[in-house]
Amino acid sequence: MPTDQQVEAAVTAVAHPNIALIKYWGKRDERLMIPYTDSLSMTLDVYPTITTVRLSPAAPADDVRLDGAPAEGEPRQRVVDFLDLVRGMAGRGEPAVVDTRNAVPTGAGLASSASGFAALALAAAAACGLDLAPTALSRLARRGSVSAARSVFEGFVLCHAGRGAGTAADLASYAEPVPVPGFDPALVIALVNAGPKAVSSRAAMRRTVETSPLYRSWATSSGHDLFEIRAALRRGDLDAVGEVAERNALGMHATMLAARPAVRYLSPATVAVLDGVLRLRADGVSAYATMDAGPNVKVLCHQADAARVAETVRAAAPGCSVLTARRGPGSHLRAETGQ
Ligand code: PMV
């Protein structure tokens, strides 16, 4: 049984966003957060989320703060539901004080939910006295957001969709690192619009699964894409990795465009950046684009080409902010605890 001092200790965790090269899009179990398809991502070294959790036995309810302001509505409820899950696993009932700082613009298709729930999973589990193995931590993070399962790990990461139903699916759906020593590309991020998206990814993927005639064929081809990209990663072949990643992302957006009504995240500035990427390739630069549930574009390239890629992207979409990321660390606890 933890002592009172441990109960009150604040735990701080750090997690970084990840960008999927093979996307997850669509859940077959929304309660357990089980995706339809496997995915593969790169954890980044930018835009960390830093989350502190402290159990507070005397508090009347959970106190959730997002970037300094009290969280309300659905964002608050998602955190409270997640805390309930962790408390249930740990056999505890105390309210918690949660303070989350996001360096990434929240809700703009830049994976803030991935870093957010990866950091919360680690901080909340530790605050409740749970010492989870990486696979169990990844499964827990998945319950907050499927992409968060991947931010538990460094570098390139595979997320298993898992088979079966109920507990079997829950046990089988987790991420694990894909060791690719020496493969260290750049990811140039073009933030064409940092505002929140009009349709949440949760609602958009549900509509896509339910109404898009293209969804099933994308899900099937995504399995082939995963096989190919793993072989390309083993060879350290950036062109092959990029080609597969770009077609997988465009295919995912095609499923949404065919949904009824259509979900369209890509804006004119997105398309201008995609044109810039095509021009770079025509000039012999290895550059490949991927987009998530938002208009922003991430361009995979060799580090030596990152400055040229960033310049092309800026010229293609004047006013956009551009940042170059590399592969980054998995979620981890911060050494200092206590507030
Ligand atoms: O993590 P969510 O539930 O917000 O879903 C986002 C999914 C994509 O970013 C579009 C793709 C992915 O695999 O990260």
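The values are calculated or read from the model by the stated rules, or taken from the named source; none is laboratory data. Note that the coordinates shown come from a computational prediction; the quantities given were computed from them, not determined experimentally. Quick reminder, even Gly has a Cβ in these numbers, built from the backbone with ideal geometry, and neighbours come from all protein chains shown.
Just a few scattered comments:
- Subset of the stretch 201-221 (residues that are polar (S, T, N, Q) and over 20 Å from the mean Cα position of the chain (by Cα)): T211, S212, S217, T220, S221
- Residue match in the stretch 286-308 (condition: over 23 Å from the mean Cα position of the chain (by Cα) and of a type in the set (S, T, Y)): yes
- Condition met for T51 (at pLDDT 95 or above, in a strand (DSSP E or B) and crowded, with 17+ Cβ neighbours inside 10 Å): yes
- Residue count for the stretch 205-240 satisfying the condition of being in contact with a helix residue (DSSP H, G or I) (Cβ under 9 Å, 6 or more places away or on another chain), in a helix (DSSP H, G or I) and surrounded by 16 or more Cβ atoms within 10 Å (Cβ to Cβ): 16.
- Conditions (1) surrounded by 14 or more Cβ atoms within 10 Å (Cβ to Cβ); (2) at pLDDT 95 or above; (3) outside any loop (DSSP other than H, G, I, E, B); number of the one not met by F183: (3)
- Count of the stretch 187-203 residues, restricted to those that are surrounded by fewer than 21 Cβ atoms within 10 Å (Cβ to Cβ) and modelled with pLDDT of 95 or more, is 1.
Quick grid of which residues meet (1) of a type in the set (S, T, N, Q); (2) within 15 Å of the chain's Cα centre (by Cα); (3) within 16 Å of the ligand (Cβ to nearest atom):
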| position | (1), (2), (3) |
| --- | --- |
| L21 | no, yes, yes |
| G26 | no, yes, yes |
| S41 | yes, yes, yes |
| L44 | no, yes, yes |
| R54 | no, no, no |
| P60 | no, no, no |
| A71 | no, no, no |
| R76 | no, no, no |
| R87 | no, no, no |
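- Inter-residue pairs, beta-carbon under 6 Å, first closer than 21 Å to Y288 by Cα and in the same structural domain as A293 (by TED's automatic domain parsing) and in the stretch 250-261, second surrounded by 21 or more Cβ atoms within 10 Å (Cβ to Cβ) and not charged (D, E, K, R), 6+ apart: G251/W218; M252/W25; T255/T208; T255/S212; T255/Y215; T255/W218; M256/T208; M256/V263
- Unique residue being at pLDDT below 95, within 16 Å of the ligand (Cβ to nearest atom) and part of a loop (DSSP other than H, G, I, E, B) when the list is G294, G319, G338: G294
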